[in-house]
Amino acid sequence: MNEKVRVDKWLWAVRIFKTRSMASEACKKGKVSIGGVHIKPSREIRLNEQIDIRVPPITRSYLVTAISGNRMGAKLAVDFVKDVTAQDQLDLLDATKTRGFESRDRGTGRPTKLDRRLIDKLKQE
């Protein structure tokens, strides 16, 4: 399996990006790096390289376990890439998702005036 595949094509093939043009654009904007160096979309990848993709507010890391230029199903893509994102980055992502958002049960609709007053009272405390 000594194929030569462009990094944008591989990122698209293993379903990290929805389209190849999105993968290419991320490379051009400096959001994709290997070994701390921002890469061009035309760079060829090698086995066991770690690719870092900056997705604010975190940086996701992937390890190349196999190379393919053909788009595959999600179940097959797991064999070609390994997510090695650091746990502190994932914790940061969870913290940003839960901070500042209120949750309501699905189907309850908008809060009534009484509900709004109770919510405002709880927020002030």
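Pairs with C-alpha atoms separated by more than 31 Å, drawn from the list K4/K31; K18/K113; K4/K29; K31/K123; K31/K121; K82/K123, are K18/K113; K31/K123; K31/K121; K82/K123.
The calculated Kirkwood hydrodynamic radius for segment 1-90 is 12.9 Å, given to one decimal from all distinct C-alpha pairs. Applying a length cut-off of 15 Å (Cα extent along the axis) and a mean Kyte-Doolittle floor of 1.0 to the DSSP H helices of the chain leaves no helix.
The packing ranking, built from the mean of other Cβ atoms within 10 Å per residue, places the peptides 52-61, 24-33, 65-74 in the order 24-33, 52-61, 65-74, highest first. At an R0 of 25 angstrom, the distance between the Cβ atoms of Q89 and Q124 translates into a FRET efficiency of 0.15. Less than 12 Å Cβ to Cβ from W10, Lys/Arg counted +1 and Asp/Glu -1: what total charge do the surrounding residues give? For residues surrounding W10, the net value is +4. Dipole magnitude for segment 1-90: about 360 debye, using +1 per Lys or Arg Cβ and -1 per Asp or Glu Cβ, origin at the Cα centre. For R20, what is the net charge nearby, where nearby means another residue's Cβ is under 12 Å from its Cβ and Lys, Arg count +1, Asp, Glu -1? So the surrounding residues net to +3.
Extension gain for D115-D79 works out to 8.0 nm (0.36 nm per residue, less the C-alpha to C-alpha distance).
Bear in mind that the values in this text are calculations on the coordinates, not laboratory data. Worth saying up front: this structure is predicted, and the values here are computed from it rather than measured. As a convention, Cβ positions derive from the backbone with ideal geometry for all residues, glycine included, and neighbour counts pool all protein chains shown.
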